[in-house]
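In what follows, a single structure is set out as structure tokens and then discussed.
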Amino acid sequence: MPKFKAHKITKMTDDEGNIIVSLLVSGYDKYIADMVYREIKDVGDFLVELKKHVKRRSLDANAYLWKLCDEIARVIRSSKDEVYLTMLERYGVFTHIIVKPNIVSKMKAEWKTVRELGEVTVNGNTGIQLQCYFGSHTYDTKEFSKLLDGVISEAKELNIDLISEQEKMMLLHNWGNKNG
């Protein structure tokens, strides 16, 4: 049975003294909760287990990403960090920033990877346009999935052993719940 996170639990009592428990569910979890409700609403008696949510990052998907980067690095004779940065440039999330020419090096130190796109003039001022890539730890599930799919695709081309699609989906589901 799929799991979901609730933010608040409330207790009410009906006229006969029975307890009614209500859960507040929001975000992506509300879709999972609705699916679970529709699946079990007519079952009859339920076994309910509530646990305090412990905020922790699922390392499985992230660990798999790094494992693949390491394997790719071994095959192409590079480092896993270099492969990771290359994968961010190919499949990652970025933003464009225009900065004064004298702070380009500072911007490169602040971002995971930065690509200089060239000189631009805005309102008569000259600046350097940068394409700045966010580290994967900031990604949502969709963004991380795109990155992981790209890395998997490149690993496939190098004949590196991969996990099944079902295993990948499980990793991404757990990774998506890391913030929850």
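The values are calculated or read from the model by the stated rules, or taken from the named source; none is laboratory data. The structure displayed is predicted, hence computed values, not measured ones. FYI the Cβ positions are ideal-geometry reconstructions off the backbone, even for glycines, and counts take in every protein chain you see. Side chains are part of the model used for accessible areas, which takes the heavy atoms of the whole protein and leaves out ligands, DNA and RNA. Shrake-Rupley method; radii C 1.70, N 1.55, O 1.52, S 1.80 Å.
Remarks
- Computed over the chain, relative contact order equals 22 percent, with contacts defined as Cα pairs under 8 Å that lie 6+ residues apart.
- For the pair Tyr28 and Asp149, a Förster radius of 22 Å applied to the C-beta separation gives a FRET efficiency near 0.70, rounded to the nearest 0.05.
- The modelled label-to-label distance for the pair Lys156/Arg90, using points 7 Å beyond Cα in the direction of Cβ, is 1.3 nm.
- Rg(Cα)/(2.2 N^0.38 Å) for the chain, N = residue count: 1.45
- Cross-link pairs exceeding 23 Å in C-alpha to C-alpha distance, out of Lys52/Lys168; Lys5/Lys41; Lys8/Lys51; Lys3/Lys67; Lys112/Lys146, comprise Lys52/Lys168; Lys3/Lys67.
- Our estimate of slack between Met12 and Thr138, defined as 0.36 nm per intervening residue step minus the Cα-Cα distance, is 41.5 nm.
- Helix content alone sets the calculated 222 nm mean residue ellipticity of the chain: runs of n ≥ 4 DSSP H residues at -39500 (n - 2.57) each, divided across all residues, give -13500 deg cm²/dmol.
- For region 39-167, the fraction of 1.4 Å probe accessible surface lying on carbon and sulfur atoms is 47 percent.
- Shape of region 1-45, Cα gyration tensor, a/c cut at 1.5: oblate
- Within region 30-123, all pairs of alpha-carbon atoms sorted by distance into 10 Å bins from zero give the percentages 11, 24, 21, 19, 16, 8, 2.
- Accessible surface, region 1-90, averaged per residue in Å² (probe 1.4 Å): 81
- Label separation (Ala109 vs Tyr37): 5.2 nm, computed from points 7 Å beyond Cα along the C-beta direction.
- The tail of the calculated P(r) for region 94-180, taken as Cα-Cα distances beyond 15 Å, holds 68 percent of the pairs.
- Between Val75 and Ser164, the distance separating the two model label sites (each 7 Å from Cα on the Cα→Cβ line) works out to 2.2 nm.
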